[in-house]
Amino acid sequence: MKWLALLLNEGVDPLTNARIIPVSVFQEMTTARAIVSGVAADPLSIMGYGMGWFRMSYRGHDVVWHFGAIPGFSTLVAFLPKDNLGAVLLANMDEKQDTNMGILFRVIDEALGLPESGLPVSLASRGRWSRPTSVIRPNHHLLADIPPRIKTGTRTDRQYHGGHSHTVTTEHTQPSPGPSLDIDAYAGTYADPQGAYGNITLCAPTRTPPPDSYCARVLADFATIETIEDSAAQPQSNSNSRPSLFAAWPRVWSSHIRLHHIAGDSFALTLPRLFPEGFGRNTTPFEFYDSQLSVGRAEFVVDVEDGQVSGFALITDEEAAVGRQRRWGGSVKEAGDAWFGRVHP
């Protein structure tokens, strides 16, 4: 709260009257430089973004704010410079940005004596702040996200099967084309040429790895969460399952990588954190992933001359990839957010 009071006082400690943040720095960091939402949607104005702060008008009142999160927690800090009002919201649930924004608007309404907006708290932000909520699910099979492809720009909805997850039915007029090669051909180790992300070793469930090997451990971890055998189905079969690849990826937001086939050489990517032995006293296996930070697409490239996989482009921002391709043209390798070249099978 001392920090929020400092922000409301434009960088000056209200207790000691000592300036902590220089005037020029405070003005710079709270000034919007880029348009985030260029169309007003009553009761909100257009919204801009600067050095770590969003800025907009809510019902005619200037609001500076930003949210934050780690797995299992959601936060929001906001202040209204001209109204001397600030709020800190802490929620012990993940990806509750929309709910927190709705609560903030309710706080502003009541603190400033504004007429009730008439919007339920859960709808007050109109879904502008986040994508669908993250998934924490028990043992069941998942049909992963189907992101849009660069060439077509088409979109489909998230689909889940089993458990307690929400199911969205999408009609497909034509079956998706299978991968260029058998799923085994995509397994192996890939490396980022810049060395920023390290190596990724993808395992195919169609292979039988040696006991206690890397791939044996990876597939065993996923087997506690989903039916690995379904992921070995070939697209030419009558199975409803899709070819898949799996890897370990111990990072801040994830422990593993899952790739589910979409169409052609495109795979939906999820970066989950697996809990194959549950957590605490509850030993039920489950997984968690962030719906904004932990999903994307892997677009593999198969060399036309030797018929071998040369690598894959990692795409986590489809709009950015489309923009790069439109602006500069070039291959999928150049349009993706990162490129991982094949090191060895």
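The values are calculated or read from the model by the stated rules, or taken from the named source; none is laboratory data. Given the structure is predicted, the values throughout are model-derived calculations rather than measurements. Note that each Cβ is placed from the backbone with ideal geometry, even for glycine, and that neighbours are counted across all protein chains shown.
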| For the subset of region 86-113 comprising residues that are in contact with a strand residue (DSSP E or B) (Cβ under 8 Å, 6 or more places away or on another chain) and in a loop (DSSP other than H, G, I, E, B), which member is modelled with the highest pLDDT? | L112
| message | Under 9 Å between Cβ atoms, which residue pairs at least 6 apart in sequence (or on different chains) link something in region 70-83 that is under 21 Å from S294 (Cα atoms) with a partner that is buried (at least 17 other Cβ atoms within 10 Å of the Cβ) and of a type in the set (S, T, N, Q)? | response | P71/S134; S74/Q97; S74/T99; S74/N100; T75/N100; L76/Q97; L76/N100
| Filtering region 229-273 down to residues that are buried (at least 20 other Cβ atoms within 10 Å of the Cβ) and among the charged types (D, E, K, R), which residue is modelled with the lowest pLDDT? | R242
| region 11-68, residues that are charged (D, E, K, R), under 21 Å from V88 (Cα atoms) and outside any strand (DSSP E or B) | D13, R59
| task | Take P276 and decide whether it is surrounded by fewer than 20 Cβ atoms within 10 Å (Cβ to Cβ) and in contact (Cβ under 8 Å) with a residue 12 or more places away in the chain. | result | yes
| request: Can you confirm whether region 157-175 contains a residue that is loosely packed, with under 15 Cβ neighbours inside 10 Å, closer than 23 Å to E287 by Cα, modelled with pLDDT under 55 and of a type in the set (D, E, K, R)? | output: yes
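Taking region 69-85 as the search range and keeping residues that are part of a strand (DSSP E or B) and within 22 Å of V36 (Cα to Cα), which one is farthest from the chain's Cα centre (by Cα)?
Filtering region 69-85 for residues that are part of a strand (DSSP E or B) and within 22 Å of V36 (Cα to Cα), the one farthest from the chain's Cα centre (by Cα) comes out as L80.
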| query | Among the listed residues A32, A91, A41, which satisfies the condition of being under 30 Å from R251 (Cβ atoms) and either in contact (Cβ under 8 Å) with a residue 12 or more places away in the chain or buried (at least 16 other Cβ atoms within 10 Å of the Cβ) (or both)? | reply | A91
| request: Filter region 206-221 for residues that are touching a strand residue (DSSP E or B) at 6+ places or on another chain (Cβ under 8 Å) and modelled with pLDDT of 95 or more and give the result. | output: Y214, C215, R217, V218, L219, D221
| message | Show me the strands (runs of 3 or more DSSP E) found entirely inside region 249-345 where at least 3 residues are touching a Pro at 6+ places or on another chain (Cβ under 7 Å) and farther than 16 Å from N199 by Cβ. | response | 256-263, 286-289
| field | Every residue from region 317-336 that is in contact with a strand residue (DSSP E or B) (Cβ under 6 Å, 6 or more places away or on another chain) and touching a residue at least 40 places away in the same chain (Cβ under 8 Å) | value | A321, V332
